[in-house]
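Peer 1: Attaching a single structure in structure tokens format; questions to follow.
The values are calculated or read from the model by the stated rules, or taken from the named source; none is laboratory data. Predicted, not measured: the structure shown is a model, and the values here were computed from it. A quick note on method: Cβ atoms are made from the backbone with ideal geometry, for glycine too, and the neighbour counts reach across all protein chains shown.
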Amino acid sequence: MAKGFYTFLIAQFLSAIADNALLFACIALLSTLNAPEWHVPFLKETFVVSYIILAPFVGSFADALPKGRVMFISNGIKFFGCVLALLGVPPLFAYAIVGIGAAAYSPAKYGILTEMLPSNQLIKANAWVEGTTVSAIILGPVLGSTIAADNPYFGIAIIAVVYLLAAFFNHFIPKVPIDHKVAQRSLTFLIRDFWHAFTTLWKDTQGQVALAVTTLFWGAGATLQFVILQWAKEVLGMDQQAATVLIAILAIGIAVGSVGASMFVKLEEAVKVLPSGILMGFLVVSMIFVETREVAAVVLFCIGVLAGYFLVPLNSLLQHRGHILLGAGHSIAVQNFNENIGILLLLGIYTFMVHQNLPINFIIIIFGIFVSVSMAVIYQLYLKHTRANAA
């Protein structure tokens, strides 16, 4: 791996663990403030809306500066959001500020890989990144729930320090050549530039399928996290701190699936992993038959393995096509825009269903069937398109 890659990994791990811990610290704070139940999934909505609103600008921002510096600035914004929460700003608003930092951070985080590494190392590098991210997903919820259990403000203060530490390591990431620097900085040009990137990636056959699948995955993944928390509470009788262990097991499965993908899937064969996404949806539906914590752990681990196995190759394919067609920062901004619309829509539907007091098993059935059917449709459309091109 290139010089500075592991420094980047350390910074990425610290920022990711802080992101995941902060969500659960804010959930604990909402509980302390006796907020309505639907505020919990809505908390994530306030976070992801920044990805959508800022999408035309963060890609150009990431491509205009050395990406290590972009990540440094972004972690500073996240730190500021934590400070606002400590000063008494409502969690929904403070977490929205952290979302601004995360929106700016993401194009740089993924975009730097295509600038540091050749294409034949992208799946391996992504497996490392997903491995550290998943480790953060495993440890973050447990950390956030634990340090915020007695005093949520104490937990948020600790997380703010972690963001500062991440920024410290960002400072030592070697500068890479600026790729696809934006020609103009006017608002009109940036919006037109983003629209061009958006349509270019959606018109590309491989980019289209990778965008569709990753959009669905992140929308489903963000929703599944809250579904598991509610399911564990209602069906398995677990409190939030105990339920985070199930989310950690899901994340371990994603890590195992990511490693498997890095070993067995080639970049040019990335689309062939789509059937594992169809199977994942059926496994989600099987959660309604689970009655014990042990079986729940096995089912969630298997769901995670399938998720990691198809996510890493398609992420890598999307980065590769985006880097060739647009530039790393632009393509990741388009990816984030689409993925977070997916999160916003699916979480919005879930929030509505919770507000309507629908049974959690009914929600799980709808959710799992939607994932399987959507994956199957995307796969069939791709096969039809490739056959038409081959004719």
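Peer 1: How many residues does segment 214-245 contain that are under 18 Å from the mean Cα position of the chain (by Cα) and of a type in the set (A, V, I, L, M, F, W, C)?
Peer 2: 10
Peer 1: Among the residues in segment 30-43, are any closer than 30 Å to Trp195 by Cβ, charged (D, E, K, R) and touching a residue at least 12 places away in the same chain (Cβ under 8 Å)?
Peer 2: no
Peer 1: Sticking with this structure for a sec: Taking helices (runs of 4 or more DSSP H) that do not extend beyond segment 1-101, which have at least 2 residues that are crowded, with 18+ Cβ neighbours inside 10 Å and polar (S, T, N, Q)?
Peer 2: Once the helices (runs of 4 or more DSSP H) in segment 1-101 are filtered for at least 2 residues that are crowded, with 18+ Cβ neighbours inside 10 Å and polar (S, T, N, Q), what remains is 5-32, 39-53, 67-86.
Peer 1: Among the residues in segment 331-341, are any crowded, with 18+ Cβ neighbours inside 10 Å, under 19 Å from the mean Cα position of the chain (by Cα) and among the charged types (D, E, K, R)?
Peer 2: yes
Peer 1: Hey, another quick one. Which one of these is within 28 Å of Ile73 (Cβ to Cβ) and either crowded, with 21+ Cβ neighbours inside 10 Å or touching a residue at least 60 places away in the same chain (Cβ under 8 Å) (or both): Leu211, Leu216, Leu224?
Peer 2: Leu211 is the lone residue from the list that is within 28 Å of Ile73 (Cβ to Cβ) and either crowded, with 21+ Cβ neighbours inside 10 Å or touching a residue at least 60 places away in the same chain (Cβ under 8 Å) (or both).
Peer 1: Sticking with this structure for a sec: Within the group Ala64, Ala28, which residue is within 16 Å of Ala333 (Cβ to Cβ) and at pLDDT below 95?
Peer 2: Ala64
Peer 1: Considering Arg185, Arg192, which residue is modelled with pLDDT under 75, more than 23 Å from the chain's Cα centre (by Cα) and more than 30 Å from Val40 (Cα to Cα)?
Peer 2: Exactly one residue qualifies, and that residue is Arg185.
Peer 1: What's the number of the condition Asp150 fails, among (1) in a helix (DSSP H, G or I); (2) at pLDDT 80 or above; (3) among the charged types (D, E, K, R)?
Peer 2: Checking Asp150 against (1) in a helix (DSSP H, G or I); (2) at pLDDT 80 or above; (3) among the charged types (D, E, K, R), the one that fails is (1).
Peer 1: Being modelled with pLDDT of 85 or more and surrounded by fewer than 22 Cβ atoms within 10 Å (Cβ to Cβ) is the filter here; which residues of segment 263-280 pass it?
Peer 2: Ile278, Leu279
Peer 1: Exactly one condition in (1) modelled with pLDDT of 90 or more; (2) under 29 Å from Pro174 (Cβ atoms) is not met by Ala96; state its number.
Peer 2: (2)
The rows are residues; the columns are (1) surrounded by 14 or more Cβ atoms within 10 Å (Cβ to Cβ); (2) among the β-branched types (Val, Ile, Thr); (3) modelled with pLDDT of 90 or more; (4) touching a helix residue (DSSP H, G or I) at 6+ places or on another chain (Cβ under 7 Å).
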residue: Leu344; (1), (2), (3), (4): yes, no, no, yes
residue: Val354; (1), (2), (3), (4): yes, yes, no, yes
residue: Asn357; (1), (2), (3), (4): no, no, no, no
residue: Ile364; (1), (2), (3), (4): yes, yes, yes, yes
residue: Val371; (1), (2), (3), (4): yes, yes, no, yes
residue: Ile378; (1), (2), (3), (4): yes, yes, no, yes
residue: Leu381; (1), (2), (3), (4): no, no, no, no
residue: Lys384; (1), (2), (3), (4): no, no, no, no
residue: Ala391; (1), (2), (3), (4): no, no, no, no
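Peer 1: So, one more: What about Thr244, is it hydroxyl-bearing (Ser, Thr, Tyr), in a helix (DSSP H, G or I) and closer than 19 Å to Leu139 by Cα?
Peer 2: Spelling it out, Thr244 is indeed hydroxyl-bearing (Ser, Thr, Tyr), in a helix (DSSP H, G or I) and closer than 19 Å to Leu139 by Cα.
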